[in-house]
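Structure record follows, encoded as structure tokens.
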Amino acid sequence: MQIFIDSADAKELAALAMTGLVDGVTTNPSLVAKAGGDFFETLKAICASVSGPISAEVVAQDYETMLAEGRKLRTVADNIVVKLPLTPDGLRACKTLEDEGHPCNVTLCFSAVQALLAAKAGATFISPFLGRLDDGGQDGMQLIREIRAIYDNYDYPTQILAASIRTASHVRDAAIAGADCATIPPAVFKSLYKHHLTDSGLAAFMKDWAATGQKIL
Ligand code: G3P
């Protein structure tokens, strides 16, 4: 499963890229507002530190302006992916931009039939929002399972990008359900390394090694 980071904080993303585990980045207007700074300068900085797909979202809601914004976003760097909302205009823009060779990520997906439409529009990525469905008392992970089954039934190449991830368990369950990618907030990404038995096991190894009085270097 590809690991994307859900953030528009260019400095933090550059640091996380050093882990060698980051395959891409997703931004959205709320994350850009939270990070502050100039949108295009931020995108350039992110694209310079992460070579994989970097999703940048349009803010227009009509087809023509979405196309213009999407084409402009794609001039920032070759690895920009145009993020479009799951609306009739958004899917129409997705079809046109994909036909022109611009990869698109269709966002704000909350149902399997929406994901079916995005696949038919030729989207490179579909972003189902797990956490927000859970927030509303629904089972977000069931949506991933349903989309996986539909895409596999018809060999749709659209990649399932599990989004609105809130916990390490979400990451685990999305991987088990067959999501192609998960976009993970920085704090949740850092938590994936953690297990208390790793910490206590390492402490015991170090204590025993120190008792030998030896060195490797
Ligand atoms: O990038 C979109 C998505 O991951 C947002 O997550 O936590 O705002 O529901 P959240």
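Identify the residue in the range 170-202 that is open to solvent by less than 20 Å² (accessible area, probe 1.4 Å) and outside any helix (DSSP H, G or I) and, among all such residues, is farthest from the ligand (Cβ to nearest atom).
Out of the qualifying residues, it is 177.
Specify the residue that is most open to solvent (accessible area, probe 1.4 Å); the eligible residues are those in the range 51-78 that are touching a residue at least 40 places away in the same chain (Cβ under 8 Å) and assigned to a loop (DSSP other than H, G, I, E, B).
53
Under 6 Å by Cβ, and 6 or more places apart or on different chains, what pairs join a residue from the range 135-164 that is farther than 13 Å from residue 112 by Cα with one that is open to solvent by 70 Å² or more (accessible area, probe 1.4 Å) and within 16 Å of the ligand (Cβ to nearest atom)?
As it stands, the answer is 164/132, since those pairs meet every condition given.
For the range 10-50: of the residues being closer than 20 Å to residue 129 by Cβ and part of a loop (DSSP other than H, G, I, E, B), which is farthest from the ligand (Cβ to nearest atom)?
In this case the residue turns out to be 23.
So which of 167, 124 is within 15 Å of the ligand (Cβ to nearest atom) and open to solvent by 20 Å² or more (accessible area, probe 1.4 Å)?
Of 167, 124, the one residue that is within 15 Å of the ligand (Cβ to nearest atom) and open to solvent by 20 Å² or more (accessible area, probe 1.4 Å) is 167.
The values are calculated or read from the model by the stated rules, or taken from the named source; none is laboratory data. Note that the structure is a prediction, hence the values are computed from the model and not measured. Virtual Cβ from ideal backbone geometry, glycine too; neighbours counted across all protein chains shown. Note: accessible area is taken over every heavy atom of the protein model, side chains too, but ligands, DNA and RNA are not part of it. Shrake-Rupley method; radii C 1.70, N 1.55, O 1.52, S 1.80 Å.
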